[in-house]
Amino acid sequence: MPRVKRGPATRQRKKNVLKKAKGAFGLRKNVFRRAKETINRGMAFATRDRRAKKREFRQLWTVRINAAAREHELSYSRLIGGLKKANVIIDRKILAELAVNDKEAFAAVANMAKSVN
């Protein structure tokens, strides 16, 4: 069998890792072993934070909706419960957007929730 030389593949793999580590500080950007550790750690954080991002945004929307609901003498839970009873299908992202940018529309939604309670 012929001998297999893997120089090009190894060089390409190292090049890809070092390219991903660009912007890191110190040896983390130009020493392969350190760069590989940095990349693996960064990928782990990226995976974790894609999930955390969803939680954080939902919390933010809840806080905004609650603050706007309190201006209309409603608690967050009464607002959401009232909207469910009134069969108003609107998600928290849009409710939060209305609460911040369109006070009149949010007032109309709050009145719908109030009328059912």
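Compute the separation of the alpha-carbon centres of the range 63-80 and the range 6-28 and state it in Å as a whole number.
52 Å
Please give the length that would be gained between residue 30 and residue 13 if that part of the chain were fully extended, namely 0.36 nm times their separation in residues minus their C-alpha to C-alpha distance (nm, one decimal).
Between residue 30 and residue 13, full extension yields an extra 4.8 nm.
Which lysines, on any chain, are close to residue 20 with Cα under 16 Å apart, when same-chain ones fewer than 8 places away are left out?
Counting by Cα, and skipping residues close in sequence, residue 20 has these lysines nearby: 29, 36.
How high is the relative contact order of the chain, in percent, with contacts defined as C-alpha pairs under 8 Å that are six or more residues apart?
19 percent
In nanometres, what is the gap between the two model label sites at residue 90 and residue 51, each 7 Å from Cα along Cα-to-Cβ?
With each label placed 7 Å out from Cα toward Cβ, I get 3.2 nm.
No value in this document is a laboratory result; all are computed from the given coordinates. What you see is a predicted model, and the numbers here were worked out from it, not measured in a lab. Don't worry about glycine lacking a Cβ; one is built from the backbone with ideal geometry, like all the others, and counts go over all protein chains shown.
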